[in-house]
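Structure first, commentary second.
The values are calculated or read from the model by the stated rules, or taken from the named source; none is laboratory data. This structure is a prediction, so every number in the text was calculated from the model and none was measured. Neighbour counts are summed over all protein chains in view; Cβ atoms, including those assigned to glycine, are modelled from backbone coordinates with ideal geometry. These area figures cover heavy atoms from the full protein model, side chains too; ligands, DNA and RNA do not enter into them. Shrake-Rupley method; radii C 1.70, N 1.55, O 1.52, S 1.80 Å.
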Amino acid sequence: TLLLHSCCGPCSTCVIERLSDYFKITVFYYNPNIYPDEEYYHRVEEQKRFISEFPTLHPVEFIEGDFHKESFYSSF
């Protein structure tokens, strides 16, 4: 099994393509610095769409981290 962090969706597609023949992958999507909120949710849906449509030998699961943008921006 492999836990793969994804920060925007497209960054994970090549990794999923190359490693899904060897691992059961769980994609952990987390990126609180995407603005605006609509863009964040668009990217989440695109990540889910890719996972559901891309043929893999082993299953690929999806976990979404909490979208706490306030915590991210308050650290500056």
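Overview of results
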{"read-out": "Degrees between helix 10-19 axis and first principal axis of the chain (Cα, 0 to 90, nearest 10)", "value": "20 degrees"}
{"read-out": "Angle in degrees between helix 37-53 and the longest Cα principal axis of the chain, rounded to the nearest 10", "value": "0 degrees"}
{"read-out": "Carbon and sulfur %, accessible surface of the chain computed with the full protein complex present, 1.4 Å", "value": "56 percent"}
{"read-out": "Residue-span extension gain [K69 to T1] - 0.36 nm each, minus C-alpha spacing", "value": "21.5 nm"}
{"read-out": "Residue among E64, E39, E53 with the largest mean-square fluctuation in a Gaussian network model of the chain, springs linking Cα atoms under 10 Å", "value": "E53"}
{"read-out": "The chain: relative contact order in percent, alpha carbon pairs under 8 Å with at least 6 residues between", "value": "38 percent"}
{"read-out": "Cα-centred dipole magnitude for the chain, charges only on beta-carbon of K, R (+1) and D, E (-1), debye, nearest 20", "value": "260 debye"}
{"read-out": "Neighbour cut-off at most 16 other Cβ (10 Å), DSSP loop, trypsin sites (Lys or Arg not before Pro), the chain", "value": "K24"}
{"read-out": "Computed [θ] at 222 nm, helices only, for the chain once each DSSP H run of length n ≥ 4 contributes -39500 (n - 2.57)", "value": "-13000 deg cm²/dmol"}
{"read-out": "Gyration tensor (alpha-carbon) shape descriptor, the chain, a/c threshold 1.5", "value": "prolate"}
{"read-out": "Residue-span extension gain [N33 to F62] - 0.36 nm each, minus C-alpha spacing", "value": "8.5 nm"}
{"read-out": "Gain on full stretching of the segment that runs from Y22 to S52 - 0.36 nm per residue minus C-alpha separation", "value": "9.0 nm"}
